[in-house]
1. Name the single residue, out of those in segment 30-49 being free of Cβ contacts under 8 Å to residues at least 12 places away in the same chain and not in a helix (DSSP H, G or I), that is nearest to LEU116 (Cα to Cα).
2. So CYS59 ticks every box in (1) in a strand (DSSP E or B); (2) closer than 16 Å to GLU22 by Cα but one. Which box is left unticked?
3. Condition check: within 18 Å of LEU130 (Cβ to Cβ) and among the charged types (D, E, K, R). Does ARG84 satisfy that?
4. Considering only residues that are closer than 23 Å to ARG68 by Cα and not in a loop (DSSP other than H, G, I, E, B), which ones fall in segment 88-109?
5. Which of the following residues is farther than 23 Å from ARG129 by Cβ, modelled with pLDDT under 95 and crowded, with 19+ Cβ neighbours inside 10 Å: ILE71, ILE100, ILE66, ILE61?
6. Report, by residue number, each residue of segment 15-34 that is surrounded by 19 or more Cβ atoms within 10 Å (Cβ to Cβ) and closer than 19 Å to ALA123 by Cβ.
7. How many residues, within segment 52-79, are closer than 15 Å to LEU29 by Cβ and either touching a strand residue (DSSP E or B) at 6+ places or on another chain (Cβ under 8 Å) or among the β-branched types (Val, Ile, Thr) (or both)?
8. So for segment 69-82 (the condition being more than 19 Å from ALA115 (Cβ to Cβ), part of a strand (DSSP E or B) and not charged (D, E, K, R)), does at least one residue qualify?
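The values are calculated or read from the model by the stated rules, or taken from the named source; none is laboratory data. Keep in mind that what you see is a predicted model, and the values were worked out from it rather than measured. Here the Cβ positions follow ideal geometry from the backbone for every residue, glycine too, while neighbour counts run over all protein chains shown.
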Amino acid sequence: MAKEQLKFWSPVELLEFLPRDEALITDVLREITIETLNGYGKEKLSYNVPFFYGNKSICLIFPASIPRSGIKNGVLFGFWYGNRLKDESNYLTHGTNKQIFYKVYQSVEEIDIPALTGLIKEAVELDKRLCKK
């Protein structure tokens, strides 16, 4: 399947396509996110990657093997409104995008679960304040 023609209909299809290391990181990040959201919001595939939203966009998981990831390897976990999160420990990379702050993981061992879940919870509280107009 050529990269330009990628179209996944489910997270399972995405995980089957990815290289083993990216699939494992993506799967773990999805599970952490789903568990932390605890029923809040929804997941959909957008640009062929897991995307979580409530009233507005919350976060996304973008493996390097998917076109437009902006990274050469690993898996990017991005917060759509990262610029509005406190992130007191400077866990997230601010990069060139003024709004989306992110962390790129090269292995499952790099995932700081307490830091990530804390930021997801903060993003949910922010989303609750960003009501649809």
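1. Checked segment 30-49; the qualifying residue nearest to LEU116 (Cα to Cα) is ASN38.
2. (2)
3. Working: within 18 Å of LEU130 (Cβ to Cβ): yes; among the charged types (D, E, K, R): yes.
Spelling it out, ARG84 is indeed within 18 Å of LEU130 (Cβ to Cβ) and among the charged types (D, E, K, R).
4. THR93, PHE101, TYR102, LYS103, VAL104, TYR105, VAL108, listed by residue number.
5. Details: ILE71 fails: crowded, with 19+ Cβ neighbours inside 10 Å; ILE100 fails: farther than 23 Å from ARG129 by Cβ; ILE61 fails: modelled with pLDDT under 95.
Testing whether each residue is farther than 23 Å from ARG129 by Cβ, modelled with pLDDT under 95 and crowded, with 19+ Cβ neighbours inside 10 Å leaves just ILE66.
6. Within segment 15-34, THR26, LEU29, THR33 qualify.
7. Counting residues in segment 52-79 that are closer than 15 Å to LEU29 by Cβ and either touching a strand residue (DSSP E or B) at 6+ places or on another chain (Cβ under 8 Å) or among the β-branched types (Val, Ile, Thr) (or both) gives 17.
8. We begin by selecting, within segment 69-82, every residue more than 19 Å from ALA115 (Cβ to Cβ); these are 69-73.
Then keep just the ones that are part of a strand (DSSP E or B); that gives none.
No: segment 69-82 contains no residue that is more than 19 Å from ALA115 (Cβ to Cβ), part of a strand (DSSP E or B) and not charged (D, E, K, R).
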